[in-house]
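Single-structure report; data block below.
The values are calculated or read from the model by the stated rules, or taken from the named source; none is laboratory data. Just so we're clear, the structure is a prediction, and the values are computed from it rather than from any experiment. Cβ sites come from the backbone with ideal geometry, for glycine too, and all protein chains shown count toward neighbours.
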Amino acid sequence: MGVGVSIFFLTLGAILRFAIEPDVFGKSVHMDVVGIIFMIVGGVGVVLSIVLAPRRGRTSEDRLMRRENRPPEV
């Protein structure tokens with residue numbers, strides 16, 4: 001999950017938590033709880049994206065540095 005998707009989940013969660021009545025769909029679904037869950041998922045996604053981003057870049061760099069171009073043997 002990238003930073004963009006995480007921000008989307010944070011925004012969607014905030015809308016569901018603060019802008020919509022909690023009992024829109026009746027007593028069985030609490031939209032404020034669903035909004036909190038989306039905000040938690042978005043926050044965890046942002047943190048993981050920031051923590052794992054340097055590792056992802058370093059791995060691709062190592063692969064490019066070790067590539068060897070040898071002609072095929074005849």
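Can you tell me how many residues within the range 8-41 are among the β-branched types (Val, Ile, Thr), closer than 24 Å to Ala53 by Cβ and surrounded by 15 or more Cβ atoms within 10 Å (Cβ to Cβ)?
1
Of the residues Val44, Val3, which single one is at pLDDT 90 or above and surrounded by 11 or more Cβ atoms within 10 Å (Cβ to Cβ)?
The unique qualifying residue is Val44.
Among the residues of the range 57-74, are any surrounded by 15 or more Cβ atoms within 10 Å (Cβ to Cβ) and either in contact with a Leu (Cβ under 6 Å, 6 or more places away or on another chain) or at pLDDT below 90 (or both)?
Looking through the range 57-74, none of the residues is surrounded by 15 or more Cβ atoms within 10 Å (Cβ to Cβ) and either in contact with a Leu (Cβ under 6 Å, 6 or more places away or on another chain) or at pLDDT below 90 (or both).
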